[in-house]
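Reviewing the structure listed below.
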Amino acid sequence: MTELVGRSISELKKLLAEKSVSAREILSAHWKQVHALDPEIKAFTCLTEERAQKQAARVDELIARGEALPALAGIPVAIKDNICVADYPTTCSSKILESFIAPYEATVAQKLDAAGALFIGKTNMDEFAMGSSTENSAFKKTANPWDVSRVPGGSSGGSTASVAAGMAVLALGSDTGGSIRQPAAFCGVSGMKPTYGMVSRFGLVAFASSLDQIGPLARSVEDTAIALSVISGHDKKDSTSIPDPFKNQGPRFEESLAQEPDKLMKGLRVGVITELVGEGIEPEIVSSIRAAAAVFEKLGAKVTDVSLPNSKYALPVYYLIATAEASANLARYDGVKYGLRETEGTAKDSILQMYKSTRSKGFGAEVKRRIMLGTYALSSGYYDAYYKKAQQVRRLIKNDFDKVFESCDVLISPTSPTVAFKIGEKTDDPLSMYLSDIATIPANLAGLPGISIPAGLGKDKLPIGLQILGNTLSDEVVLKVAHAFQQSTDFHNRQFPGLATVG
Ligand code: GLN
């Protein structure tokens, strides 16, 4: 049988359309990959096998009837475990939701299903998406396919590792402060955080509602664009969803990519964020970003250095706003409405004690740390000094972006200051873990679209991520620039060393 793992969406769809393979065969090739690799990678919290079989059968029927194939027909997809897939667990990798079965389906999952995708499974993550390494999962630690002694990044580590290891062609992650882009950088794949409000969050378990955004992960920008076209658009079930972001046209991001790289880059102005190519960033990473700037220049773009002076406050601002919102969002896990209820040692009539025991047993250390921080920042007497101040500085950060976007179309920087670190290396030092997102957080605070794509190999031959940021709703420009880079380089084709041997 033709090798089916590691292929692009368009390759797989071509094979399907010419009837060289069936959706069931694509599915079984990916199950084989999951069974061969996942015992070591540990990307999945649950496999959604029955659902995938049904979806594959449906696609095969379409083919048999000679009907047109939808955008993701027969494409295996992995879904982060904070996004609801009806009738399967949505645990957020937390003990408190271990027994929770989603009674409904997230809009993004519905859209993937309608586009013919095959759901492989739900993926491991940092508990409630709080973390940068997937080590905060209550269940297991996902390994980086490039080196299993290292983290895949986080919090969407399971989704990202599943794509990097060829267990899924696409995956969905969520990005509150970098959780799609940073793991994409660590695992050598492409991962996009769309403009805030462009993808429905209905059915996404909330962490920090003014920052959370769902987005796709894939092995190329082209596949990322196809997935984004499918999942984006207005949803009346999400009140933060942008009304009519595409002026009724329906997004076709992949179509705008079908040009030569120099045409894609023609006349574009690229700014290199100076604060992110200096101190604190591994030297190999800085060189790769400078080399990427040279690639854009060669393609006809105008490259300049730009400054975002207030971005130095992004980390503290984020850890006040995100924790404040999390403390409110996570108040709903009280042992009454969802999942775990801990009554052991509780007097029958003490509901307060039941809340306390449930939350104390159900939440992990990082989640508790965030709830306490956020509750403190919102408490009377401190609200003005912390939460309100943070919101004011958030505005200054956004103003910096507005200013540089007057003279730039996109901004580039490293996605992360380091390559993938060792499992256990930062678990005892939350601050150094938080620093992992220093380059990604500003875009969430400003609601901007951003992508991370592979841009070389750094220390210990591990992938380096190039971040490309755009102005509000210029997701298409971001994708074009990223695609132009991939058309001119081959970093995205360097799969993790084990991929070629399995299948
Ligand atoms: N690592 C950041 C955090 O721990 C971002 C997480 C995310 O984007 N979900 O909050």
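The values are calculated or read from the model by the stated rules, or taken from the named source; none is laboratory data. These figures come from a predicted structure and were not determined experimentally. When we count neighbours, we look across all protein chains shown, and the Cβ atoms used for this are built from the backbone with ideal geometry, even at glycine.
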key: Top-ranked residue of the stretch 379-401 - restricted to ones that are aromatic (Phe, Trp, Tyr) and within 11 Å of residue 320 (Cα to Cα), ranked as surrounded by the fewest Cβ atoms within 10 Å (Cβ to Cβ)   = 383
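Within the stretch 422-444, count every residue that is buried (at least 21 other Cβ atoms within 10 Å of the Cβ) and not acidic (Asp, Glu).
The first filter runs over the stretch 422-444 and keeps only residues buried (at least 21 other Cβ atoms within 10 Å of the Cβ), leaving 426, 433, 436-444.
Restricting the remaining residues to those that are not acidic (Asp, Glu) gives 426, 433, 436, 438-444.
Result for the stretch 422-444: 10.
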query = Scanning the stretch 40-76 for residues that are within 24 Å of the chain's Cα centre (by Cα) and on the phi > 0 side of the Ramachandran plot, which turns out surrounded by the most Cβ atoms within 10 Å (Cβ to Cβ)?
reply = 74
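Please determine, by comparing only the residues of the stretch 235-244 that are of a type in the set (Asp, Glu) and in contact (Cβ under 8 Å) with a residue 40 or more places away in the chain, which one is farthest from the ligand (Cβ to nearest atom). Give the derivation first.
Just the residues of the stretch 235-244 that are of a type in the set (Asp, Glu), to begin with: 235, 238, 244.
Going one step further and asking which of them are in contact (Cβ under 8 Å) with a residue 40 or more places away in the chain, we end up with 235, 238.
Details: 235: 21, 238: 18 Å.
That would be 235.
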request  = Spot the failing condition for residue 233; the list is (1) under 16 Å from residue 492 (Cβ atoms); (2) modelled with pLDDT under 95, and only one is missed.
outcome  = (1)
inquiry  = Contact list please: Cβ distance under 9 Å, first residue in the stretch 120-132 and part of a strand (DSSP E or B), second residue within 8 Å of the ligand (Cβ to nearest atom), pairs at least six apart or on different chains.
reply    = 123/156
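Kindly evaluate residue 163 against the criterion of being touching a strand residue (DSSP E or B) at 6+ places or on another chain (Cβ under 8 Å), hydrophobic (A, V, I, L, M, F, W, C) and at pLDDT 95 or above. Don't jump to the end; show me each part of the working.
Values: touching a strand residue (DSSP E or B) at 6+ places or on another chain (Cβ under 8 Å): yes; hydrophobic (A, V, I, L, M, F, W, C): yes; at pLDDT 95 or above: yes.
So residue 163 passes the test.
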inquiry  = Residues that are under 17 Å from residue 161 (Cβ atoms) and out of contact with any helix residue (DSSP H, G or I) (no Cβ under 8 Å at 6 or more places or on another chain): does the stretch 188-199 have at least one?
reply    = no
inquiry  = For the stretch 415-448, which positions are modelled with pLDDT of 95 or more and over 13 Å from residue 153 (Cβ atoms)?
reply    = 424, 438, 441, 442, 443, 444, 445, 446, 447, 448
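Taking the stretch 225-268 only, how many residues are on the phi > 0 side of the Ramachandran plot and over 19 Å from the mean Cα position of the chain (by Cα)?
Selection size over the stretch 225-268: 5.
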Failed condition for residue 80, given (1) in contact (Cβ under 8 Å) with a residue 24 or more places away in the chain; (2) of a type in the set (Lys, Arg); (3) out of contact with any Gly (no Cβ under 6 Å at 6 or more places or on another chain) = (3)
Wholly within the stretch 398-503, helices (runs of 4 or more DSSP H) carrying at least 1 residues that are farther than 30 Å from residue 36 by Cα and more than 16 Å from the ligand (Cβ to nearest atom) = 475-488
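Just for the stretch 77-94: of the residues that are part of a loop (DSSP other than H, G, I, E, B) and of a type outside the set (A, V, I, L, M, F, W, C), which one is surrounded by the fewest Cβ atoms within 10 Å (Cβ to Cβ)?
At the first step, the residues of the stretch 77-94 found to be part of a loop (DSSP other than H, G, I, E, B) are 81-82, 84-88, 90-94.
Retained after the next criterion (residues that are of a type outside the set (A, V, I, L, M, F, W, C)): 81-82, 87-88, 90-91, 93-94.
Numbers: 81: 30, 82: 32, 87: 13, 88: 22, 90: 26, 91: 27, 93: 32, 94: 28.
Step by step, filter the stretch 77-94, then rank; the result is 87.
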